[in-house]
Every structure is written in structure tokens, then in C-alpha cells.
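First up is the structure itself, then whatever we jot down about it.
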């Protein structure tokens, strides 16, 4: 962590602001199960079900990850749960992907409906015209705008979508990328819609639209601040495993654990 970031975090902590959103953390999933088809929350009470070719793998943020294959219809389905009950909402998903087609790490929406939200990469045809590799967060329209940081490079990236009741924002790796205002307030939960990781509901059919790894999913019933998002990024970044070659280099030159991969 560089000096400027340390100074920002220290200032936020001194003001009592950093991490204030954690009190409204309603669900968190680290995917440390290793096997089976059920993911248990580390916070909250809603289980998720792995379907299709989805499976647990090691090497994720905070331990485990879930691997999803587009051709194998891999999804994690949480049913009709986890929709916001307040006027604001935030979701974090760590992604590792090289996907260049319409990609949905997380969605609580039926395709074509206005209600619900979408955390997306690439152009998914929702009118936001997201460039290949960029991320966006759509909640009750309009979308947040696009990220300038590209996230489909095969490295771990933190995506955070925030809706504060009137604006939608997208953060990548702890940094605000874009914000759009003028959206609807949170409206009723979309009918017959499941909350999915890796796809979206098409009518009543869960449909895969992501290929890669997902890890450390966190859902908040409030709008995270910029300081909250940066704290979450630094917490997650500190746990990302190093490539074997870099770890060996670090052990030989500086002592094991002193070099960390930067995203």
C-alpha cells in the first residue's frame, strides 16, 4: 500500500468513517466449501446453489472462489432473496476473467425489466454501450457509466456497485470510475426473479452469461462510501495469492511474503 493510500485510510479511520457500511452487511460469501453444490454465507442466512458446471476452486480472495463456465451453464442461484429493503444498496464481487462477450458477474433482474440491478462487464445490450473490458452497474436505470479500468485481463479485480437512492456508481479496485444520476428509486423486487452470480433470469429461466472466477461477494443494505470501498479493496488485495514464480522470487530476494502482486 503506498503512502498516499495509507494517509487516506488513516484520515478516514480518525474521522470514524472508514468501514461504517459494515454494520449493514447483510450477506457475504467466501466460497471456501471446496466441494458440493451449496455455498454457505459467512454473514447472513441465505444459501446459494451451484448449478451446471459451477464448482468451488482454491486461490480466490479470502480463500476460495467459484468457477463458472459459459458453455457449461455455470451459475450460483440464491433464489428470490437478498433484494434491498432500504433506499440504497451496494454489492461487491471480485472477478477474474478474460471474457470479451456480454458478461454478468451478478444480476437480480429479469432480462428486459427495469426493476432490479445488473453488475456487468462488456456490452450486454442494456443501452449503456459499455466498451469491451469495462464494467458498469445498472440499478433501476440509468447505468453508472463505464469503468476506465479494464477488468477482463485475467487478473483479480474488485467490482463494487453502489446505489444511494438517486445515483448509481461503479468502483474498480477501490477507485470510483463513473456515476450517473436521475435513476428511479428502488422499486419492488422483480417478479419470479432469482438473484444470480454469473447470469440473469430470462423469463423464468436462469441463464449463464459469465466465464471465469468469482470470489468474496458482499451485499450491503446501504450505500458504501468511497472510504468503505477502498478499505474493502485493501482488505481483499492483501489476501490474493501470488503466482508461484513471484512468490519464489520474493522468498529469495526479500523474504517470503514481502512482495505482493499489484493489480
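Coordinate-derived values only; no laboratory data. Quantities reported herein were computed from a predicted structural model and do not represent experimental measurements. Quick reminder, even Gly has a Cβ in these numbers, built from the backbone with ideal geometry, and neighbours come from all protein chains shown.
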**Complete:** Quick P(r) readout (the stretch 42-136; Cα-Cα; 10 Å bins; whole %) gives 13, 43, 38, 7
**Item:** Neighbour-count order for 25, 197, 150, fewest beta carbons within 10 angstrom listed first
**Value:** 150, 25, 197
**Paramagnetic reach from residue 192 in the stretch 111-146 [backbone N under 20 Å; point 7 Å along Cα→Cβ]** = 111-117
**Asked** In nm, what is the difference between 0.36 nm times the number of residues separating residue 153 and residue 69 and their Cα-Cα distance?
**Response** 28.6 nm
**Message:** Quick check on the stretch 19-253: take the gyration tensor over C-alpha atoms, sort the square-rooted eigenvalues as a ≥ b ≥ c, and tell me if it's rounded (a/c under 1.5), prolate or oblate.
**Reply:** rounded
**Asked** Measuring from centroid to centroid over Cα atoms, what is the spacing of the stretch 41-92 and the stretch 104-136 in Å?
**Response** 17 Å
**Inter-label distance for residue 113 and residue 24, nm, one decimal - labels placed 7 Å from Cα along Cα-to-Cβ** = 2.3 nm
**Item:** Estimated inter-spin distance, residue 42 and residue 98, nm [label 7 Å along Cα→Cβ]
**Value:** 2.8 nm
**Prompt:** When a footprinting reagent is the concern and you count Cβ atoms within 10 Å, what order do 204, 37, 110 take, fewest first?
**Reply:** 204, 37, 110
